[in-house]
Structure formats: structure tokens, C-alpha cells
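So the structure is just underneath, and the comments pick up after that.
The values are calculated or read from the model by the stated rules, or taken from the named source; none is laboratory data. Note that the coordinates shown come from a computational prediction; the quantities given were computed from them, not determined experimentally. Cβ sites come from the backbone with ideal geometry, for glycine too, and all protein chains shown count toward neighbours.
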């Protein structure tokens, strides 16, 4: 009995949890924040940035002295050098130890220029990460609005079907009473069948839009996924659209793709300086200490020399400076300098191309927003007229003054105008949000 009660309680708890989970809705802000925390490309961007940080740390460390140790064991057979610097036919084992350090003093400014280059590469990597976050945010906002648009289409289709079903009931009563021919009922039922198909298509479109968003969020399933319907901005004749010139000026200062391209252009200039630095001599300081032990070393009396004595007597130390002067290396330095110049020109062109693409995107967004606004205003008037025309046609259809074909035509025109109005509305909202986003404002609804 107790086990049964426990089982029932557990099942109720699971059902309650599943119900609460199914009712969870996602706002646009929640979708964007979740994607920024979990998207694979974003994580890869973070890894790339950390890699650039390590590259910079490594280059800064190249200014420090290095320290290397050496330990070797040699087995000598036959004639070998003895302790008194003569050769003797004897087998021996020798242990060599060494410790050395090297300090770069002058490397043709290559280390300094490389550090400056890697700093710029790190900043460019950070801008790439910002660009990836920007792209995923825009994609999510676009798909989020597609879901809202699909939801409104479902609502329009449901309302149309509800009106048709009400007409079917009224016509059926008149057919039963003998005041209307059965053909009118069949025609309106055919209209209802078509509207049911439109409703199914609208629901499918909504489900596909949800699937697209869950895939962007990399969620496992879209079955229990839904979005929060926000209070959308009002669209009226007084709505203003920021000029593309103003948006472009702001975007040049804030957009990560422009910053990243500019940083890479600056980085390529330091790469050219590094290539030229290979023409300079390099100077370094070094110090070494060396010691050895041989198990067959003996003194003049033939007594084996102890390990401590050998280590003390065999020790050698050296310090010095070394200069390497490039004279001829098969034109390698010249070719590297020429390639570095070409890279500077290439990154300069990439910067200019990024600016042109940005301007093009902004102008397209503004033009599309204006076109959507004009369509919205026109469709607003069309919907208002179509509603009145449909209401008039509905009244005449109810008293038999128009046939079902005329009635259905009026209703189809109304549905089309309502769909066009919704499409223009969401297109305008999306494009204006994109323009605001280019100005540095966050994506919100």
C-alpha cells in the first residue's frame, strides 16, 4: 500500500514537472543570452581568443634568458684519452654534465614588432568573437520574429475558419428550413475545407519556425518549445527611420567586423617590419658550465681519481657574446619582405571591402524598412476596406443576394490583405531593429 502511494506520488510529481516544463516560454533576450553561452561557434571563438593570448605570452617570454641542462653517458672502447692527456688502450665509461643559458640582446626589433603584431591579432580575435555573437543574435532575432509572424498567421486562419463554420451553421439552418438551396451549403463547406488546409499550413509554418530557432539554440527538441509574445512597437504614419548615413557613421566606430579588419591591417604592417628586421645583425649573450667524470681516470700513481675531485678539476666555464650577420640566404629575406608588402595591400583591400559591405547592408536594411513601411500603410488601408467589403458581402450572402463564390472571393481577398499586412509589419520591425543594432543598440522587442 505504501509502495503504491509512493508510486502515485512520484508519477504525479513527474507529470507536474513535465507540465511546468512544457509551459516554459522563451523571450528574445533569453534566447540570445542562452545562445551566447552555449553556441559552439561562440565557444570556438573563446578558444581562439585564448590561443592568441598564449601566443602573445610566449612571444613576451622570448625576451627572457633560457636555461638548458645536458647529461650524457658515453662508453669508450679501444684507445681513449686519459686524465694526463695521453692515449691508452683501455675501455672506460664517461659521464658529461652541462648547463647553459642564452640571452637575446638585439634581434633586429623582430621581438618588439612581433609582440605589437600579436597584441593586434589578439584584439582582432576579440572582435571576431564579438562578430560571431552579433551574427547569432541577428539570426535569432530574425527567426524569433518569424515565429511571431507564423503565430499571427495561425490566429488569422483560425478566425477565418471560425467565421466560415458559423456561416455553415446558419446556412444549414436555412437549407433545413427550405429557404436556401443545398448547393450554397456545399460551396461554403468547400470553402471551409480550403481554410482548414490553410490553417494546417500555417501551423506547419509555425512548427518549422520553432524548429529553426531551437536548432539555432542547439536545443534537443522543439516539441515543448514556445516563445513569449512581446508587446511589439506601434507602427503608424509618424514612424521614423534613421538615415543610412547616420547609421553608417555610427557603425564604422562600433561594428566588430570593421574593427577586426582594421586591426588585421595594422598587424600586417608590423609583419612587414618583422620581415625587414631579418636584414639586421642579431646579438646574443651566452654562458655555459661543463663538467665530466670518467671511471678509468687515475693519477700518476695509478690510483683512481674520486668523483668529487674530477668534478672539481674537470669543471669548465665560459661566457661570451655572439653576433650573426645575414649576408646571403638565397633571397629568402627579400621574398619575405615582398610577401609582407603584398599582405599589407591585401588587408587594406579587405578593410575597404568590409566598409563597403557594411554600407551595402545598412542601405539595404533602410530601403527594405521604407518599402515595408509603405506596404504596411497601404495594406492597413486595404484591410480596412476589405473588412468593410467582406462585412457587406457577408450580410448579402446571409439573405441570398450573393452566391457563395462571390462571398468566398471577398473573404479570400480579406485573408490575403491581412497576411500582407502582417508580413509588412514584421519586415519593418526586423529591419528597423537591424538599423538600431548597427548603431550599437541592443536587440530587444
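Scoring residue 393 on the criteria (1) on the phi > 0 side of the Ramachandran plot; (2) in a helix (DSSP H, G or I) leaves a single failure, condition (1). Would you confirm whether or not the stretch 165-179 contains a residue that is surrounded by fewer than 20 Cβ atoms within 10 Å (Cβ to Cβ) and within 22 Å of residue 383 (Cα to Cα)? Yes, the stretch 165-179 contains a residue that is surrounded by fewer than 20 Cβ atoms within 10 Å (Cβ to Cβ) and within 22 Å of residue 383 (Cα to Cα). Of all residues in the stretch 213-225, those being surrounded by fewer than 16 Cβ atoms within 10 Å (Cβ to Cβ) and in contact (Cβ under 8 Å) with a residue 12 or more places away in the chain number 2.
Look at (1) touching a strand residue (DSSP E or B) at 6+ places or on another chain (Cβ under 8 Å); (2) crowded, with 17+ Cβ neighbours inside 10 Å and you find that residue 277 fails only one, number (1). Across the stretch 178-199, what is the number of residues that are outside any helix (DSSP H, G or I) and under 18 Å from residue 153 (Cβ atoms)? The qualifying residues number 0. Restricting attention to the stretch 228-242, the residues being more than 18 Å from residue 442 (Cβ to Cβ) and either touching a helix residue (DSSP H, G or I) at 6+ places or on another chain (Cβ under 6 Å) or surrounded by 13 or more Cβ atoms within 10 Å (Cβ to Cβ) (or both) number 4. Looking across 191, 207, one residue alone is over 31 Å from the mean Cα position of the chain (by Cα) and either more than 30 Å from residue 108 (Cα to Cα) or surrounded by 17 or more Cβ atoms within 10 Å (Cβ to Cβ) (or both). It is 191.
If you check 186, 197 for being at pLDDT below 90 and either surrounded by fewer than 13 Cβ atoms within 10 Å (Cβ to Cβ) or over 51 Å from the mean Cα position of the chain (by Cα) (or both), only one passes: 186.
When residue 216 is tested against the conditions (1) within 25 Å of residue 45 (Cβ to Cβ); (2) in contact with a helix residue (DSSP H, G or I) (Cβ under 7 Å, 6 or more places away or on another chain); (3) at pLDDT below 90, the lone failure is (3). Being modelled with pLDDT under 90, within 17 Å of residue 163 (Cα to Cα) and loosely packed, with under 15 Cβ neighbours inside 10 Å, is that true of even one residue in the stretch 413-421? Checked the stretch 413-421: at least one residue is modelled with pLDDT under 90, within 17 Å of residue 163 (Cα to Cα) and loosely packed, with under 15 Cβ neighbours inside 10 Å.
Okay, residues lined up against (1) under 30 Å from residue 80 (Cβ atoms); (2) free of Cβ contacts under 8 Å to residues at least 24 places away in the same chain; (3) outside the structural domain of residue 235 (by TED's automatic domain parsing); (4) under 48 Å from the mean Cα position of the chain (by Cα):
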position: 306; (1), (2), (3), (4): yes, yes, yes, no
position: 336; (1), (2), (3), (4): no, no, no, yes
position: 345; (1), (2), (3), (4): no, yes, no, yes
position: 352; (1), (2), (3), (4): no, yes, no, yes
position: 355; (1), (2), (3), (4): no, no, no, yes
position: 372; (1), (2), (3), (4): no, no, no, yes
position: 379; (1), (2), (3), (4): no, no, no, yes
position: 384; (1), (2), (3), (4): no, yes, no, yes
position: 391; (1), (2), (3), (4): no, yes, no, no
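When you check residue 363 against the structure, is it more than 30 Å from residue 114 (Cα to Cα) and at pLDDT 90 or above, yes or no? Considered against the rule, which asks whether it is more than 30 Å from residue 114 (Cα to Cα) and at pLDDT 90 or above, residue 363 comes out as yes. The residue of the stretch 308-323 that is farthest from residue 89 (Cα to Cα), among those that are touching a residue at least 12 places away in the same chain (Cβ under 8 Å) and surrounded by 11 or more Cβ atoms within 10 Å (Cβ to Cβ), is 322. Quick check on residue 156: is it within 26 Å of residue 25 (Cα to Cα), out of contact with any strand residue (DSSP E or B) (no Cβ under 7 Å at 6 or more places or on another chain) and not in a helix (DSSP H, G or I)? The answer is no for residue 156. The number of residues in the stretch 89-121 that are loosely packed, with under 14 Cβ neighbours inside 10 Å and under 16 Å from residue 275 (Cβ atoms) comes to 0.
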